[in-house]
Amino acid sequence: MSQQHTTQDWRAMDAAHHLHPFSDTKGLNAQGARVITHADGIYLWDSEGNKITDGMAGLWCVNIGYGRKDLPEVAKRQMEELAYYNTFFKTTHPKVAELSALLASVAPDGFEHVFYTNSGSESVDTMIRMVRHYWSSVGKPEKKVLIGRWNGYHGSTIGGASLGGMSYMHEQGDLPIPGIAHVEQPWYYKHGKDLTPEEFGIQAAQWIEAKILEVGADKVAAFVGEPVQGAGGVIIPPSTYWPEVERICRKYDVLLVADEVICGFGRTGEWFGQTHFGFKPDMFTTAKGLSSGYLPIGAVFVGERVARGLIEEGGDFNHGFTYSGHPVCAAVAHANVAALRDEGIVERVKNATGPYMQQRWREVFGQFAHVDDVRGVGLIQAFTLVKNKATRELFDNWGEAGTQCRDIFFKHNLIMRACGDHIVCAPPLVITKAEIDAMLETAVACLREFE
Ligand code: PLP
């Protein structure tokens, strides 16, 4: 920690020179940003000495928890040995080769190839270009349209924000780009009132079929969805949804793409969300948990069909980043994925902490008058603040209650996130049962203050 500066100095420098992502700079500067200085396990500390429980694993990414000693060691060694070299022009390096083999070994069967990026957004943009290039390569260049979902989140780049269904993002920057369509999200609580969850899952999947028919199957390149919609509010589809989506994509020869940027690397208790929901995409995008946020890296996993098309027919794929497969990021990602595997962290989420969190989450939040749709899978969970539980009526000014509630949590040194009026939680996967209990005790006290 720097010795020369105080919290006030950092706030002043930040306010004068730093434009924060997804922030109202004027409002933030009036208040002053909280200065986070260090972290360990599931905890952060701010510059005023407050210990904060991070119920969001940063931005759903620090799967392995903060403060590991082995990952910085790996980074240091790799920086000394080969700080940088690219993989563009007939070269590779040991760590990127080793990481690729490791990723193929933890991926579901049939995913033998990865393409590296620096973030989830770049993974999504890469996937969009790769999907379109694939269809051109196999002689169907008219198949260009990608279907995403309203309220889906696929990042902030022009491609990712277009494919995502956040209309407030579309409003800035003249999005979406051409060749993108959206369907409604599979949110049972809001859209499935007169149906069983299973019936609703089929209906929501059939919205995709209707969109394919509207656009024309000969023009649709892919359907893209997060196994669990994260930033859209942890929308967990009924069990019938993904198998039906897969059936529809196969029927119309539309590629199925999973955006596993949040779900990947153990969040749902499986290595990838697709395994939890029982479907097999043609490609999937990742980032976040790949390095647990220790360094920026993302990867697009390419399944057999697309890989064959690209390799046999594709020729040059004119796409890539200076830092694709960066040696230091690759080395750290390798150590992170190996640790998630060797320390049994994903299995613990599946068999111990995930089920425990789900049970406790439902027990403690079910009792509140304005809390409903209490839900979760693995270590990703949410509830929705509602005006009337009996009628499932939402608050009039969507997002206001969520923000108020989130701010109370933050004041009490607990980070959970508000996505509209959904309060969401996705802690580091190393959280213990005792830490879950302590976190929920604080959350309950905060909700009493809110109600
Ligand atoms: N895709 C999903 C499902 C995400 O949740 C995110 C980020 O939250 C992204 C893509 C974009 O990732 P990044 O912020 O690393 O660009």
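The values are calculated or read from the model by the stated rules, or taken from the named source; none is laboratory data. This structure is a prediction, so every number in the text was calculated from the model and none was measured. Virtual Cβ from ideal backbone geometry, glycine too; neighbours counted across all protein chains shown. SASA here: full protein model, heavy atoms, side chains in, ligands and nucleic acids out. Shrake-Rupley method; radii C 1.70, N 1.55, O 1.52, S 1.80 Å.
Annotation: lysines with alpha-carbon distance below 25 angstrom to Lys193 (same-chain offsets under eight excluded): Lys211, Lys387, Lys389. Per atom type, the range 208-328 shows carbon and sulfur on 51% of its accessible surface, probed at 1.4 Å. For the residues Val62, Val374, a 1.4 Å probe over the protein chains yields an accessible-area ranking, largest first, of Val374, Val62.
Once the C-beta distance of Lys219 and Gln4 is scaled by a Förster radius of 41 Å, the resulting FRET efficiency is 0.10 to the nearest 0.05. In the context of the full set of protein chains, the range 316-451 has a per residue accessible area of 40 Å² (1.4 Å probe). Based on protein heavy atoms only, the range 1-43 ends up with 74 Å² per residue of surface accessible to a 1.4 Å probe.
Per residue, the range 148-289 exposes an accessible area of 33 Å² to a 1.4 Å probe, with every protein chain left in place. Computed over neighbours whose Cβ is under 12 Å from that of Leu28, the net charge equals +1, Lys and Arg +1, Asp and Glu -1. Just so you know, the averaged projected area of the alpha carbon convex hull for the range 1-117 sits at 11.2 nm². The aspartates and glutamates within cross-link reach of Lys95, meaning a Cα-to-Cα straight distance under 17 Å and a gap of 8 or more places when in the same chain, are Asp70, Glu73, Glu80, Glu81, Glu112. Using just the C-alpha positions of the chain as equal point scatterers, what log10 of I(q)/I(0) does the Debye formula give at each q in 0.07 1/Å? Computed log10 I(q)/I(0) values: -0.35. Summing charges over neighbours of Tyr323, with a neighbour being any other residue whose Cβ is under 15 Å away from its Cβ, gives -1 when K and R count +1 and D and E count -1. What's the local net charge at Ala210, with K and R +1, D and E -1, over the other residues with C-beta under 14 Å away? Once all neighbours under 14 Å are counted, the net charge is -1. Bridgeable aspartates and glutamates around Lys90 (alpha carbons under 15 Å apart, same-chain partners fewer than 8 residues away excluded): Asp316.
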